[in-house]
Amino acid sequence: MNEEIRTNPFFEDYQTLHDTVPFDRIRLEDFEEAFMEGIRRDNEMIDKTINNPAKPTFDNTIINTEEDKEGYYDLLDRVSTVFFNLLSAETNDEMDALAQKMQPILTQHANDMRLNKQLFERIKAVHLHHRKLTPEEKMLLDNCYDGFVRSGALLDEEGKERLRALTEEASMLSLQFSQNLLKETKAFTLHITDEKQLDGLPDTAIEAARQAAKEKELDGWLFTLDSPSYGPFMTYSTQRELREKMFLAKNTLCTHDNTENNLAICQRIVNLRREIAQLLGYKTYADYVLKKRMASNVRSVYRLLDDLIDAYKPTAIEEYHELEMMAREKEGKDFKMMPWDQSFYAHKLQLKKFKLDQEMLRPYFELSKVIDGVFGLAHRLYGITFKENKEIPVYHPDVKAYEVFDKDGSYLAVFYADFFPRKGKQGGAWMTEFQGQWITRKGENVRPHVSVVMNLTKPTEEKPALLTLGEVETFLHEFGHSLHGMFANTRFESLSGTNVWWDFVELPSQFMENFSVEKEFLRTFAFHYQTGEPLPDQLIRRIVKSRNFMAATACLRQVSFGLLDMAYYTQKEVFDKDIIPFEKKAWKKTKITKNPPRMDTCMTVQFSHIMAGGYAAGYYSYKWAEVLDADAFSVFKKRGIFNQEVAQRFRDNVLSKGGTEHPMDLYVRFRGCPPTIDALLKRNGIKRKKVADTQNK
């Protein structure tokens, strides 16, 4: 009997609740077939547009491809979204190989569209002569025109061909960078068989390591470079030699003499981006990027970073001296602090000053209760509710899928949560979408499917997943991004949700982190997983008092990454310097110790944000947005952290508007005035004589 003819799931309506991705029906071979058919359909649509005998208009040229999804959904966008999300969260060798095959094809197709002279001429004609447009339509038109120009539409044929070559090589190298980093990270393990070498480690870390070893059919304990394993080991292990081994393994990733070495790749990526920018008429890649950022220019970025160094460095130096004194009290006056010692002694100092230890808090942050708390916070602020639905397909058993309903009971979004590290998953945490939001010509509001992907502490055979306070903050951060996506309410998908300027996108996420130390919030979910007792008041007071522990040091660390990013992307000439010494020099202004830097460690080769992500010449965005989030939360602190009127204003003016207006206009409409750095300095306990208004210079 012949096997029943099977249809590629991407080629038809998903026929699932809310049209969610049917992960259970997708096979590896479906991706390539859908990619190629998606490209064919794109080309067909472009031909239809450029061969339209009618005069170019906003309706038949600009929104023809943006809105026309009824009966002709964007297949290429559909399959690309699923594939590249899985490539980060659940990849394997076959997926990696397919990515290597498809990346140049997809980049070539994108170039074919952006460099299509006939298509651009129609867009240019509309840009010059169009009907009266709504503000959102005008934003779409401007973005469309600028997007083509910034992709080389004004170049001559020789320039276009050069741009094709540069962008295709850059996209392949960024992919290779990510694949190398994942392989190197997952390849390292520290296998311990001598129980004495576990000294100092908390039970949660030991249990997790025992389970990791068992999964590999090994005796003893297995530690990895995934955050839930690496972090506790560096904080608690008394075995200095092993801390050094873990530190060097983590901080020399992709520098070794093997196929996963990223040093030459990073150098080449910097040069490719510089040449792309200069081909398009900019002095540097940073000048190119910042043209579409709130900061607007390199000078403003350096002003922010220098301002933060001036404000925070004196306190950071005091913090380090206090840490060093603590270590020498225990180890002797000749003790030399090394990088693998800092987390260990910072923990000791925090315990001494505040009688607070992250392990004291874990029993009160059981994951299911944290989920209830985070969802409950969204309900108190915005009235929305979450309902887990196990009928919605997921791509891994760890993933939970929820239906989200608005305060009036109407369907709002689908929310996926992927909590734990595993072999095929990149490190870190991020928010993404499997479907964006838009409004069809018929008036249907297509709701988004958003996902948060994290690497939190896993449950063990003996205990449920018990989180640190830092992991709770990570959850809140990514959840803030997801609210930005879920509340999206714009006409055009390319302007909805998190499709905003990169130095504005972190505002909703960092804003949510503020709640992590608020007693009123902690009281809603922080109960001991065994006794049910609430987190004691004395521990909450210690959390609040210790909030700014090592805050200046943490700030300088972020600033150092921003300086490194800008150092690479303000290059005007061919970048031929050795990566490792260049890196050390780039962030020298943030250095607070006299110890010579180790020349075998390197951040650049694992700095995904600026080499493979969207933050090249934009890592400063985290600090830029921190000014905004502190300023925004100060309104809630004044009016009440659960104040629904303020929350609604935040939703209406920031979270639901996407990129339909200039971000500063949206912020001022919420806040009533431009932000200043004052609230951030106050929150961090930093005092200085003169405070500069960083956002308005």
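The values are calculated or read from the model by the stated rules, or taken from the named source; none is laboratory data. Since this is a predicted model, take the numbers as computed values, not measurements. Positions of Cβ are generated from backbone atoms using ideal geometry, with glycine treated the same way; all protein chains shown enter the neighbour counts. Note: areas computed on protein heavy atoms with side chains; ligands, DNA, RNA excluded. Shrake-Rupley method; radii C 1.70, N 1.55, O 1.52, S 1.80 Å.
In terms of accessible area, using a 1.4 Å probe and ignoring ligands and nucleic acids, L17, L76 rank largest first as L17, L76. Scaling the Cα radius of gyration of segment 339-391 by the globular reference 2.2 N^0.38 Å produces a ratio of 1.76. In whole Å, how far is the Cα centre of segment 1-60 from that of segment 397-416? Between the Cα centre of segment 1-60 and that of segment 397-416, the gap is 26 Å. Where both bridge residues fall in the chain, DSSP classifies roughly 80% of the beta bridges as antiparallel. The relative contact order of segment 559-697, computed from alpha carbon pairs under 8 Å that lie at least 6 residues apart in sequence, is 21 percent. Distance from the alpha carbon centroid of segment 258-281 to that of segment 297-340 works out to 32 angstrom. Applying a threshold of 18 Å to the alpha-carbon distances of K183/K458; K216/K245; K387/K637; K519/K637 flags K183/K458; K216/K245; K387/K637 as lying beyond it.
Using a cutoff of 8 angstrom between alpha carbon atoms and counting only pairs six or more residues apart, the relative contact order for segment 430-533 works out to 26 percent.
Axis of helix 135-150 versus longest Cα principal axis of the chain: the two differ by about 90°, to the nearest ten degrees. Here the peptides 518-527, 490-499 are ranked by packing, the mean other Cβ count within 10 Å, and the order with the highest first is 490-499, 518-527. Electrostatic tally near L351: other residues with Cβ closer than 11 Å to its Cβ, Lys and Arg +1, Asp and Glu -1, net +3.
The figure for E158 is an accessible area of roughly 150 square angstrom, using a 1.4 Å probe on the protein chains alone.
Taking a ≥ b ≥ c as the square roots of the eigenvalues of the Cα gyration tensor of segment 303-384, is the shape rounded (a/c under 1.5), prolate (a/b larger than b/c) or oblate? The shape class here is oblate. The relative contact order of the chain, computed from alpha carbon pairs under 8 Å that lie at least 6 residues apart in sequence, is 16 percent. Quick one: check the C-alpha center-to-center distance for segment 106-151 versus segment 629-658, whole angstrom. Here the two parts' Cα centres lie 35 Å apart.
Can you bin segment 352-461 into rounded, prolate or oblate? Criterion: square roots of the alpha carbon gyration tensor eigenvalues sorted a ≥ b ≥ c, rounded for a/c under 1.5, prolate for a/b above b/c, oblate for the rest. Judged from the Cα gyration tensor, segment 352-461 comes out prolate (a/c at least 1.5, a/b above b/c). Annotation: D565 carries an accessible surface of approximately 0 Å², with a 1.4 Å probe and no ligand, DNA or RNA atoms counted.
Amide H contacts under 5 Å for W438: V446, restricted to partners 5 or more places along the chain or on a different chain, H placed in the peptide plane at 1.01 Å from N. At q = 0.07 Å⁻¹, what is the log10 ratio I(q)/I(0) for the chain, with the Debye formula run over Cα points and no solvent? Calculated log10 I(q)/I(0) at the listed q: -0.49.
Think of a 1.4 Å ball rolled over the protein heavy atoms: the chain then has 44 Å² of accessible area per residue.
Remark: accessible surface ordering of R669, R447 (largest first) is R669, R447, probe radius 1.4 Å. Expressed in Å, the radius of gyration and Dmax of the Cα atoms of segment 1-43 are 11.9, 39.
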